[in-house]
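The values are calculated or read from the model by the stated rules, or taken from the named source; none is laboratory data. The model shown is predicted, which means the values in this text are computed figures rather than measured ones. Positions of Cβ are generated from backbone atoms using ideal geometry, with glycine treated the same way; all protein chains shown enter the neighbour counts. Heads up: the accessible areas ignore ligands, DNA and RNA and are worked out on the full protein's heavy atoms, side chains in. Shrake-Rupley method; radii C 1.70, N 1.55, O 1.52, S 1.80 Å.
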Amino acid sequence: MAAAALVVAAILAAFAGVLSRAEIAGGLSTSDWAAIRFTILQALLSAAISVVLAVPVARALARRRFPGRGLVVTLLGAPFILPVIVAVLGLLVVFGRSGWVNAGLDLLGLPGLSIYGLHGVVLAHVFFNLPLATRLLLQAWQSVPSERFRLVAQLDLAPRALFRAVEWPLLKQVVPGVFALIFVICLTSFAVALTLGGGPRATTIELAIYQAFRFDFDLGRAAMLSLLQLVLAGGAAVLALGLLPSVSPDAGLDRPLQRWDARGGTQRFADGVSILLALLFLLGPILAVVLRGVAGLAQVPASVWQAAATSLWVAMLSVALLMALALPMAGWIAGRGRGRVEAIGLLGLSASPLMIGTGWFILINPWADPQALALPVTALVNAMMALPFALRSLVPGIRDVLRDYGRLAATLGLSGWALWRWLILPRLRPRLGFAAGLAAALSVGDLGVIALFADPDRATLPLQMYRLMGAYRMEAAAGAALILLSLALLVFWVFDRGGRWHHAGT
Amino acid sequence: MLELEELLIRLGTFELRATMALREGRRYAVIGPSGAGKSSLLNAICGFLPVAGGSVRVKGRDITADPPGQRPMTMLFQDNNLFPHLTLRQNVGLGLRPNLRLTAEDEELVAAALARVQLGDHAEKLPAALSGGQQSRAALARVLVQARPWVLLDEPFAALGPALRAEMLDLVENLVAETGAGLLMITHSPEDVRRIAEEAIFVADGRAEAPMSAADLLNDPPPALRVYLG
């Protein structure tokens, strides 16, 4: 309860800070309107393309069994912990001005593509959200009872009939929610817009907040834009609340259903191509980072290693804060009925880190040097960003524990701290490890609030990497990207493993 | 004495009424058709189901509103009677101290209880490392250290084979004899009733009848029980 109040208070404080300084009287300038339009346009395009491309991939994964299928499904979860700036660098290597794709086009005598502007922002958002959409659709596909597919096989339905009888109703049910979720996520995207967007024609509101803050140091305008962002993203999330699907990154999707349909050669071929293309699209940039990074490691300056240590420290603090917030909240939510309370966690997805950062900056500024508090504030904002995912995993976990062992605990008189110490925490360990790993990886890879607060002497690894990119030291940036990627995967692995290590009796 | 007075359990449209007085140190079987409310009756006595009316009293004290852990009774469920992540020693220890801060004296009691059910060598094992029969015995060891005046069994041995179940019932009979506790057990099998129970409570048609001599009840069953026994 107190934790929930703390989160609300933290957001409200930021909101109050923003309100106190917002200069609404001036109204919206043309560039503000352009930012609003661009924000909505890129989010719409990103969501639409992600969902449309996800349908054939999810369908292929739902009806094919092949060695390595489990690995492919696991890979679809990877963007959850992949630092945005690392992926952007990978996309630049593949699709950038002198990237692999343009080199190929050049050989064929075709004009090159530009990755900057709307194309690039949408491309990066699709890179991150195509896997998410695929997972959510796959989840829906696998919820179709196998009896229905048995019936389909009995009736020997043609693909068209199968589509009309089973797949279309399914898609109609889940696609709006998946679309809405990705739309909301893309509204508050910052790091992608920072690196691939910019300029008057490709600036999101989130980026505009940063620019007003960082370049013009116009707190009034930054506050006004934050307010705008809050209304837009918060409004969209509230409207979509009924539609939003449950996001559980650990859902068991590695269980393929027995299917008897879709045995035709064309269908097999199409499914194979879908899966292969998706894999290529996802693995290409990651592979590019690894290849470039190995070459660039030698050129990495000492400041990168220092920043890596800083990032690790911030991540650990963030995990500790997350646990302090998430556990009491999860316990409180699990104790009441299902419904609204859980949905509120999803609103967190629409919370804008830069809005919170701006608000706190305004609040802290009169009392202390905000730059001195850059790292703790980053850790706290990271923890709040990870909170919806942690609650999604912990709340059902606590419910299961209480359902299975609640009566036994009650006959033994276990309550309060003893109940947590001897029952809930040990039973929850795998989920705690997973949530902590996710939070740590998110925090290690986050390029958000830190960009607002940081001074030249204080940088996390993503910020340091961004600075290298900004200085066109691409080799060193690639080396830093490889270190960042390894660090994010490592912290996730350590926590997730730690949670499952010697975990008895599942 | 465990007294139920005008006890009323209501679950949706289902209702069960019970009025009876049970004596400590005696063994009662609860029999009746599936869905008649046997489990609901025990859950209500133990405090897991809120009662819609009437009272539960033990030794004259009204415990109707007490939380389960503070009632002078312990219950074994159909499953999940042990925490799978804790060793047998810890599981049994929780019966003495909910915070598991065991004194040297407590440790001796736990060790003695485990030895009593022939699990002395398994104290540091997790339940998953044991057979079904051993797990049941470990749960009984915990019941033993809890030493509550009443022991309630909601078919905890249902998953065991007939020979093993008979062995467990004999062990239960000995344990309650040692602690002087009263026993209230749900069963589906007339043999179990004959084997262990002195009296039987028949539950059917929304009523839990006052206990009768188990032998009399089985030898000359009332019509409703006759239908159930077949």
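Mind telling me which of the residues A:Pro56, A:Pro67, A:Pro83 ends up being at negative phi and open to solvent by less than 40 Å² (accessible area, probe 1.4 Å)?
Just a single option satisfies the conditions, and that option is A:Pro83.
Quickly run through segment B:130-155 and pick out the residues that are part of a helix (DSSP H, G or I), open to solvent by 20 Å² or more (accessible area, probe 1.4 Å) and among the charged types (D, E, K, R).
Passing the criteria: only B:Arg137.
Are any of the residues in segment B:156-168 within 14 Å of chain A (Cβ to nearest Cβ) and either in a helix (DSSP H, G or I) or under 30 Å from B:Glu3 (Cβ atoms) (or both)?
Yes - at least one qualifying residue is present in segment B:156-168.
Taking the condition crowded, with 21+ Cβ neighbours inside 10 Å, within 14 Å of another protein chain (Cβ to nearest Cβ) and more than 30 Å from A:Leu484 (Cβ to Cβ), does A:Trp422 pass?
Here the answer is yes, as A:Trp422 does meet what is asked.
Kindly establish whether B:Ala21 is part of a strand (DSSP E or B), hydrophobic (A, V, I, L, M, F, W, C) and either crowded, with 23+ Cβ neighbours inside 10 Å or modelled with pLDDT under 90 (or both).
It is false that B:Ala21 is part of a strand (DSSP E or B), hydrophobic (A, V, I, L, M, F, W, C) and either crowded, with 23+ Cβ neighbours inside 10 Å or modelled with pLDDT under 90 (or both).
Which of the following residues is modelled with pLDDT of 90 or more, within 26 Å of the chain's Cα centre (by Cα) and within 14 Å of chain B (Cβ to nearest Cβ): A:Leu438, A:Leu408, A:Leu428?
A:Leu428
Report yes if some residue within segment A:32-45 is surrounded by fewer than 18 Cβ atoms within 10 Å (Cβ to Cβ), part of a loop (DSSP other than H, G, I, E, B) and touching a residue at least 60 places away in the same chain (Cβ under 8 Å); otherwise report no.
Among the residues of segment A:32-45, not one is surrounded by fewer than 18 Cβ atoms within 10 Å (Cβ to Cβ), part of a loop (DSSP other than H, G, I, E, B) and touching a residue at least 60 places away in the same chain (Cβ under 8 Å), which makes the answer no.
For segment B:184-192, does any single residue satisfy the condition of being open to solvent by 20 Å² or more (accessible area, probe 1.4 Å), outside any helix (DSSP H, G or I) and polar (S, T, N, Q)?
Checked segment B:184-192: no residue is open to solvent by 20 Å² or more (accessible area, probe 1.4 Å), outside any helix (DSSP H, G or I) and polar (S, T, N, Q).
Quick check: is even one residue across segment A:212-219 buried (at least 24 other Cβ atoms within 10 Å of the Cβ) and assigned to a helix (DSSP H, G or I)?
No: zero hits.
Considering segment A:441-477 alone, what residues qualify as being of a type in the set (Asp, Glu) and either part of a helix (DSSP H, G or I) or within 21 Å of the chain's Cα centre (by Cα) (or both)?
Of everything in segment A:441-477, those that are of a type in the set (Asp, Glu) and either part of a helix (DSSP H, G or I) or within 21 Å of the chain's Cα centre (by Cα) (or both) turn out to be A:Asp446, A:Glu475.
Among the residues of segment B:103-110, are any open to solvent by 20 Å² or more (accessible area, probe 1.4 Å), within 30 Å of B:Leu217 (Cβ to Cβ) and more than 9 Å from chain A (Cβ to nearest Cβ)?
no
Restricting to segment B:60-102, and then to whatever is charged (D, E, K, R), more than 17 Å from the chain's Cα centre (by Cα) and not in a helix (DSSP H, G or I), can you tell me which residue is farthest from the other protein chains (Cβ to nearest Cβ)?
B:Asp62
Give me the residue from segment B:36-59 that is within 14 Å of chain A (Cβ to nearest Cβ) and in a loop (DSSP other than H, G, I, E, B) and, out of that set, surrounded by the most Cβ atoms within 10 Å (Cβ to Cβ).
The residue in question is B:Gly47.
Out of (1) touching a residue at least 12 places away in the same chain (Cβ under 8 Å); (2) farther than 28 Å from B:Ala52 by Cα; (3) open to solvent by less than 40 Å² (accessible area, probe 1.4 Å), the odd one out for B:Leu164 is which?
Tallying (1) touching a residue at least 12 places away in the same chain (Cβ under 8 Å); (2) farther than 28 Å from B:Ala52 by Cα; (3) open to solvent by less than 40 Å² (accessible area, probe 1.4 Å), B:Leu164 fails exactly one: (3).
For (1) free of Cβ contacts under 8 Å to residues at least 12 places away in the same chain; (2) open to solvent by 10 Å² or more (accessible area, probe 1.4 Å), each residue gets a yes or a no:
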{"site": "B:Leu4", "(1), (2)": "no, no"}
{"site": "B:Leu8", "(1), (2)": "no, yes"}
{"site": "B:Gly12", "(1), (2)": "yes, yes"}
{"site": "B:Arg17", "(1), (2)": "no, yes"}
{"site": "B:Gly95", "(1), (2)": "no, yes"}
{"site": "B:Asn99", "(1), (2)": "yes, yes"}
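Only residues that are within 26 Å of A:Met465 (Cα to Cα) and without any contact (Cβ under 8 Å) to a residue 40 or more places away in the chain: list them for segment A:260-286, please.
Scanning segment A:260-286 gives a single hit, A:Leu280.
Mind checking which residues of segment B:24-35 are open to solvent by less than 50 Å² (accessible area, probe 1.4 Å) and either within 13 Å of chain A (Cβ to nearest Cβ) or of a type in the set (Ser, Thr, Tyr) (or both)?
Within segment B:24-35, just B:Tyr28 meets the criteria.
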